[in-house]
Amino acid sequence: MGETMIGDDFSEQLAEIGRRFDARNWVLGTSGNFSVVVDRTPLRLLMTRSGIAKGALTADSLMEIGADGAAVQAASGRPSAEAPLHVEVVRVRGAGAVLHTHSIWSTVLSDRLAAAGGVAISGFEMLKGLEGVSTHEHREWIPILENDQDMGRLASRVRHVLGEHSQCHAFLLRRHGLYTWGETLPQAVRHVEILEFLLEAVGRTDGS
(Lines give C-alpha, C1' and ligand atoms only; values in the text may rest on other atoms or scores of the structure.)
Protein backbone atom coordinates (compact mmCIF):
# COMPACT_ATOMS: atom_id res chain seq x y z
CA MET A 1 0.00 0.00 0.00
CA GLY A 2 2.86 2.36 0.81
CA GLU A 3 4.38 2.05 -2.67
CA THR A 4 0.98 2.61 -4.30
CA MET A 5 0.34 5.72 -2.24
CA ILE A 6 3.78 7.08 -3.14
CA GLY A 7 3.17 6.35 -6.82
CA ASP A 8 -0.25 8.00 -6.72
CA ASP A 9 1.18 11.08 -5.03
CA PHE A 10 3.95 11.42 -7.61
CA SER A 11 1.44 10.87 -10.41
CA GLU A 12 -0.63 13.78 -9.18
CA GLN A 13 2.44 15.98 -8.81
CA LEU A 14 3.75 15.14 -12.29
CA ALA A 15 0.32 15.80 -13.81
CA GLU A 16 0.23 19.23 -12.18
CA ILE A 17 3.78 19.95 -13.37
CA GLY A 18 2.80 18.91 -16.89
CA ARG A 19 -0.09 21.38 -16.90
CA ARG A 20 2.11 24.20 -15.59
CA PHE A 21 4.90 23.58 -18.07
CA ASP A 22 2.48 23.17 -20.98
CA ALA A 23 0.87 26.51 -20.10
CA ARG A 24 4.32 28.12 -20.32
CA ASN A 25 4.97 26.55 -23.77
CA TRP A 26 7.87 24.51 -22.41
CA VAL A 27 6.51 21.07 -23.45
CA LEU A 28 4.32 21.62 -26.50
CA GLY A 29 2.89 18.69 -28.45
CA THR A 30 4.23 15.51 -26.90
CA SER A 31 7.70 16.95 -26.23
CA GLY A 32 9.58 16.68 -22.95
CA ASN A 33 9.78 13.91 -20.40
CA PHE A 34 9.71 13.73 -16.61
CA SER A 35 10.94 11.16 -14.09
CA VAL A 36 11.08 10.79 -10.32
CA VAL A 37 12.90 8.16 -8.25
CA VAL A 38 10.54 5.89 -6.32
CA ASP A 39 13.18 3.42 -5.09
CA ARG A 40 16.97 3.29 -4.99
CA THR A 41 17.55 -0.41 -4.32
CA PRO A 42 16.84 -1.62 -6.88
CA LEU A 43 16.65 1.61 -8.84
CA ARG A 44 13.11 2.43 -9.97
CA LEU A 45 11.90 5.61 -11.66
CA LEU A 46 8.34 6.67 -12.38
CA MET A 47 8.52 8.15 -15.87
CA THR A 48 6.28 9.62 -18.54
CA ARG A 49 5.41 7.27 -21.38
CA SER A 50 6.48 8.04 -24.94
CA GLY A 51 4.14 10.13 -27.08
CA ILE A 52 2.08 11.59 -24.22
CA ALA A 53 1.06 15.26 -24.09
CA LYS A 54 2.43 16.61 -20.81
CA GLY A 55 -0.47 18.99 -20.35
CA ALA A 56 -2.83 16.01 -20.11
CA LEU A 57 -0.87 13.64 -17.85
CA THR A 58 -2.74 11.05 -15.78
CA ALA A 59 -1.58 8.05 -13.76
CA ASP A 60 -1.97 5.98 -16.95
CA SER A 61 0.50 8.28 -18.70
CA LEU A 62 3.30 7.08 -16.41
CA MET A 63 5.23 3.86 -15.97
CA GLU A 64 8.03 2.47 -13.82
CA ILE A 65 11.43 1.85 -15.37
CA GLY A 66 14.51 0.16 -13.98
CA ALA A 67 18.23 0.89 -14.09
CA ASP A 68 18.36 -0.28 -17.72
CA GLY A 69 15.77 2.30 -18.77
CA ALA A 70 13.24 -0.39 -19.67
CA ALA A 71 9.75 -0.89 -18.27
CA VAL A 72 9.72 -2.86 -15.02
CA GLN A 73 6.50 -4.65 -15.93
CA ALA A 74 4.87 -5.42 -19.23
CA ALA A 75 2.41 -2.65 -19.97
CA SER A 76 0.81 -0.84 -22.84
CA GLY A 77 2.97 1.91 -24.26
CA ARG A 78 6.66 2.38 -23.74
CA PRO A 79 8.87 4.72 -21.73
CA SER A 80 10.45 7.72 -23.39
CA ALA A 81 13.35 6.81 -25.67
CA GLU A 82 15.43 9.17 -23.53
CA ALA A 83 14.96 7.08 -20.38
CA PRO A 84 18.69 6.13 -20.33
CA LEU A 85 19.58 9.83 -19.99
CA HIS A 86 17.36 10.13 -16.91
CA VAL A 87 18.94 7.04 -15.39
CA GLU A 88 22.42 8.45 -16.05
CA VAL A 89 21.61 11.76 -14.33
CA VAL A 90 20.17 9.91 -11.32
CA ARG A 91 23.28 7.75 -11.07
CA VAL A 92 25.86 10.49 -11.50
CA ARG A 93 24.13 13.29 -9.59
CA GLY A 94 22.14 11.25 -7.09
CA ALA A 95 19.09 13.14 -8.33
CA GLY A 96 15.61 12.39 -7.04
CA ALA A 97 13.91 13.80 -10.14
CA VAL A 98 14.87 14.69 -13.71
CA LEU A 99 12.86 17.05 -15.92
CA HIS A 100 13.32 17.67 -19.64
CA THR A 101 11.69 20.61 -21.44
CA HIS A 102 11.58 21.78 -25.07
CA SER A 103 11.19 25.54 -24.81
CA ILE A 104 11.89 27.94 -27.66
CA TRP A 105 14.80 29.61 -25.87
CA SER A 106 16.55 26.45 -24.74
CA THR A 107 16.30 25.16 -28.30
CA VAL A 108 17.51 28.39 -29.92
CA LEU A 109 20.44 28.90 -27.55
CA SER A 110 21.49 25.25 -27.73
CA ASP A 111 22.05 25.83 -31.45
CA ARG A 112 23.28 29.42 -31.37
CA LEU A 113 25.98 28.68 -28.77
CA ALA A 114 26.82 25.11 -29.76
CA ALA A 115 30.25 26.11 -31.07
CA ALA A 116 31.11 27.52 -27.64
CA GLY A 117 30.25 24.20 -26.03
CA GLY A 118 27.79 25.71 -23.59
CA VAL A 119 25.96 28.71 -22.21
CA ALA A 120 27.63 30.89 -19.56
CA ILE A 121 25.24 32.87 -17.35
CA SER A 122 26.25 35.32 -14.63
CA GLY A 123 25.10 38.53 -13.00
CA PHE A 124 21.41 37.64 -12.73
CA GLU A 125 19.69 37.64 -9.34
CA MET A 126 17.65 34.62 -10.43
CA LEU A 127 20.80 32.49 -10.31
CA LYS A 128 20.29 32.35 -6.54
CA GLY A 129 17.31 30.09 -7.17
CA LEU A 130 19.70 27.29 -8.15
CA GLU A 131 20.58 24.92 -5.33
CA GLY A 132 23.82 25.91 -3.59
CA VAL A 133 24.10 29.31 -5.29
CA SER A 134 24.14 32.30 -2.94
CA THR A 135 25.19 35.23 -5.12
CA HIS A 136 24.21 36.79 -8.44
CA GLU A 137 27.93 36.87 -9.24
CA HIS A 138 27.89 33.09 -9.65
CA ARG A 139 28.80 31.89 -13.16
CA GLU A 140 26.59 29.03 -14.27
CA TRP A 141 27.88 26.93 -17.14
CA ILE A 142 25.29 24.87 -19.01
CA PRO A 143 27.07 22.41 -21.34
CA ILE A 144 25.64 21.76 -24.80
CA LEU A 145 25.80 18.24 -26.21
CA GLU A 146 25.13 17.22 -29.78
CA ASN A 147 21.87 15.32 -30.04
CA ASP A 148 22.07 11.64 -31.01
CA GLN A 149 19.44 9.01 -31.79
CA ASP A 150 21.72 6.35 -30.30
CA MET A 151 20.66 6.67 -26.66
CA GLY A 152 23.39 4.41 -25.33
CA ARG A 153 26.04 6.56 -26.93
CA LEU A 154 24.34 9.78 -25.83
CA ALA A 155 23.99 8.48 -22.25
CA SER A 156 27.72 7.82 -22.23
CA ARG A 157 28.37 11.42 -23.32
CA VAL A 158 26.02 12.70 -20.64
CA ARG A 159 27.95 10.71 -18.02
CA HIS A 160 31.22 12.21 -19.24
CA VAL A 161 29.92 15.79 -19.31
CA LEU A 162 28.40 15.56 -15.85
CA GLY A 163 31.71 14.27 -14.53
CA GLU A 164 33.65 17.02 -16.28
CA HIS A 165 31.28 19.79 -15.10
CA SER A 166 30.50 18.60 -11.61
CA GLN A 167 28.89 21.89 -10.51
CA CYS A 168 26.47 22.36 -13.40
CA HIS A 169 22.74 22.24 -12.69
CA ALA A 170 21.69 21.33 -16.23
CA PHE A 171 22.74 20.54 -19.77
CA LEU A 172 21.29 21.25 -23.20
CA LEU A 173 20.92 18.94 -26.17
CA ARG A 174 21.49 20.85 -29.38
CA ARG A 175 18.26 21.92 -31.11
CA HIS A 176 16.45 19.77 -28.59
CA GLY A 177 16.05 21.29 -25.14
CA LEU A 178 16.93 21.45 -21.46
CA TYR A 179 17.66 18.72 -18.92
CA THR A 180 17.80 19.60 -15.26
CA TRP A 181 17.31 17.77 -11.97
CA GLY A 182 17.01 18.09 -8.22
CA GLU A 183 17.32 16.15 -5.00
CA THR A 184 13.52 16.31 -4.87
CA LEU A 185 10.79 16.87 -7.42
CA PRO A 186 10.00 20.41 -6.14
CA GLN A 187 13.69 21.31 -6.40
CA ALA A 188 13.83 20.04 -9.98
CA VAL A 189 10.74 22.10 -10.82
CA ARG A 190 12.38 25.18 -9.31
CA HIS A 191 15.46 24.58 -11.44
CA VAL A 192 13.36 24.38 -14.61
CA GLU A 193 11.65 27.67 -13.76
CA ILE A 194 14.92 29.43 -12.91
CA LEU A 195 16.83 28.09 -15.91
CA GLU A 196 14.06 28.75 -18.40
CA PHE A 197 13.90 32.35 -17.14
CA LEU A 198 17.67 32.74 -17.45
CA LEU A 199 17.84 31.20 -20.91
CA GLU A 200 15.10 33.50 -22.15
CA ALA A 201 16.85 36.53 -20.58
CA VAL A 202 20.11 35.59 -22.30
CA GLY A 203 18.35 34.85 -25.58
CA ARG A 204 16.56 38.18 -25.64
CA THR A 205 19.63 40.25 -24.76
CA ASP A 206 22.48 38.39 -26.47
CA GLY A 207 22.46 38.60 -30.24
CA SER A 208 25.63 36.57 -30.67
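The values are calculated or read from the model by the stated rules, or taken from the named source; none is laboratory data. Being a predicted model, the structure only gives us computed values, none of them experimental. Backbone-built Cβ (ideal geometry, glycine too); neighbour counts: all protein chains shown.
If I ask for residues that are farther than 24 Å from Gln13 by Cβ, among the β-branched types (Val, Ile, Thr) and modelled with pLDDT of 95 or more, which ones from region 189-208 would you list? Listed by number, the list holds a single entry, Val202. Filtered by the rule that a residue be closer than 20 Å to Pro84 by Cβ and either in contact (Cβ under 8 Å) with a residue 60 or more places away in the chain or of a type outside the set (Asp, Glu) (or both), region 28-40 gives Thr30, Ser31, Gly32, Asn33, Phe34, Ser35, Val36, Val37, Val38, Arg40. When Gly69 is tested against (1) surrounded by 15 or more Cβ atoms within 10 Å (Cβ to Cβ); (2) outside any loop (DSSP other than H, G, I, E, B), just one condition goes unmet, and that condition is (2).
Could you check, for region 72-91, whether at least one of its residues is surrounded by fewer than 15 Cβ atoms within 10 Å (Cβ to Cβ), over 15 Å from the mean Cα position of the chain (by Cα) and outside any loop (DSSP other than H, G, I, E, B)? Among the residues of region 72-91, not one is surrounded by fewer than 15 Cβ atoms within 10 Å (Cβ to Cβ), over 15 Å from the mean Cα position of the chain (by Cα) and outside any loop (DSSP other than H, G, I, E, B), which makes the answer no.
Hey, any hits in region 134-141 for a residue that's hydroxyl-bearing (Ser, Thr, Tyr) and without any contact (Cβ under 8 Å) to a residue 24 or more places away in the chain? Among the residues of region 134-141, at least one is hydroxyl-bearing (Ser, Thr, Tyr) and without any contact (Cβ under 8 Å) to a residue 24 or more places away in the chain, which makes the answer yes. When you check Arg78 against the structure, is it at pLDDT 90 or above, in contact with a Ser or Thr (Cβ under 6 Å, 6 or more places away or on another chain) and among the basic types (Lys, Arg), yes or no? Taking the combined requirement at face value, the residue does not satisfy it.
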